[in-house]
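Taking it in order: structure first as structure tokens, then the write-up.
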Amino acid sequence: MDKDILFYRQLPKVELHAHLNGSVSTETIKKLIQRKPQLSIEHNMTAISNDQTRTLEECFQVFKVIHQLVDTEEDILMVAADVIKEFAADGVKYLELRSTPREEKRTGLTKKKYIDTVIKAIQLCKEEGVDIDVRFLVSIDRRNGAEVAMETVKLAEEFMLSSDGLVVGLDLSGDPTVGHGKDLLPALQRAKNSNLKLSLHLSEVPSQLEESDLLLDLPPDRIGHGTFLHPEVGGSQGVVDKVTSHQIPLELCLTSNVKARNVPNYSEHHFKYWYELGHPTVICTDDKGVFSTDLSQEYQIAASTFNLSHEDVWSLSEQAIDCVFAPETVKQQLRLKWSHLKAQVLK
């Protein structure tokens, strides 16, 4: 293996923005397709290969196809366990998975069973000795409106208390062109009052500045993407000031943004803007299955595009520990793990 590639594989990593269904690999998709031959789904319908891009709308169509394949407890258990093991094999030591709980009347799947099954997969991997600490964020899909958002918060509250620390927060995601964040404020405020951590997709598309400004007053604990927050891309200095004054970390997903055509190319990615500001930025995958990537590759792309040394990359990876939603004791354990591995990886 190329020495440089080996460095990124061995680098201990933190993944904080991984949608469960978007992270399903080719191998797992093949298993799902074999289980459901009646659907006539082919793998090229569930992933975007390296020489392709898609509109944001087309990306959401890909998720619809994956949802058809993952509609029973058995499917969710296999998918979640496979995704966790693949992240671990890529050197990820701490992972926060996120997913919108779904119900499928036809298969008897309920939202509660959905979350339960993801938690079961996390526990099974732990029992098998997989070297990764995994937590779960319950996702609010903005397309489903205020009432469903409030139900989702109540579910997350329930599991925060019963999951032995595995459910740590909420994610707000879904098609950014649908609905307005102001309608979801009561649900998000309730979550915050319940001590659930909040990661909100903000300014994924250019028209969301007013919404981002409003939601930043909560404030969230982390921001997903934040593509159009800063003034150079149509954002505003006022919004940037809110982000920096609260020191809200950004979860940045380079390949996802380029392939979904939110960013024209890697060198124009907003990672550069925030990194040069010295603001907390965490490199993530978003949907490693759909966008045909992994976290090692994302770090390597950032390094080669923005001229980062191995030491710079190590610091980025280590600083991501400060941004996790797990308690301080977990952060301390992770810092110890990093310090033990440093001499071996940065040789």
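I need the full set of residues from region 201-224 which are in a strand (DSSP E or B), aliphatic (A, V, I, L, M) and touching a Ser or Thr at 6+ places or on another chain (Cβ under 7 Å), in order please.
L202
Filter region 115-130 down to the residues that are polar (S, T, N, Q) and within 15 Å of N21 (Cα to Cα) and list them by number.
Matches in region 115-130: T117 only.
Out of the helices (runs of 4 or more DSSP H) lying entirely within region 1-78, which hold 2 or more residues that are closer than 25 Å to K93 by Cα and either in contact with a Cys (Cβ under 8 Å, 6 or more places away or on another chain) or modelled with pLDDT of 85 or more (or both)?
Counting at least 2 such residues, we get 3-10, 26-35.
Of everything in region 111-139 that's basic (K, R) and within 19 Å of D171 (Cα to Cα), which residue is least open to solvent (accessible area, probe 1.4 Å)?
Of everything passing the filter in region 111-139, R135 is least open to solvent (accessible area, probe 1.4 Å).
For residues in region 33-64 being in contact with an Asp or Glu (Cβ under 9 Å, 6 or more places away or on another chain) and open to solvent by 60 Å² or more (accessible area, probe 1.4 Å), which is farthest from S256 (Cα to Cα)?
Applying the filter and picking the extreme gives R35.
Here's a check for you: in region 217-244, which residue that is aliphatic (A, V, I, L, M) and surrounded by fewer than 23 Cβ atoms within 10 Å (Cβ to Cβ) is nearest to Q189 (Cα to Cα)?
L218
When you check T293 against the structure, is it crowded, with 19+ Cβ neighbours inside 10 Å and either free of Cβ contacts under 8 Å to residues at least 60 places away in the same chain or of a type in the set (K, R) (or both), yes or no?
yes
The values are calculated or read from the model by the stated rules, or taken from the named source; none is laboratory data. A quick note: this is a predicted structure, and the numbers were derived from the prediction, not measured. Cβ: placed from backbone, ideal geometry, glycine included. Neighbour counts: every protein chain shown. When the accessible area is computed, the model is the full protein with side chains, heavy atoms only, and any ligands, DNA or RNA have been set aside. Shrake-Rupley method; radii C 1.70, N 1.55, O 1.52, S 1.80 Å.
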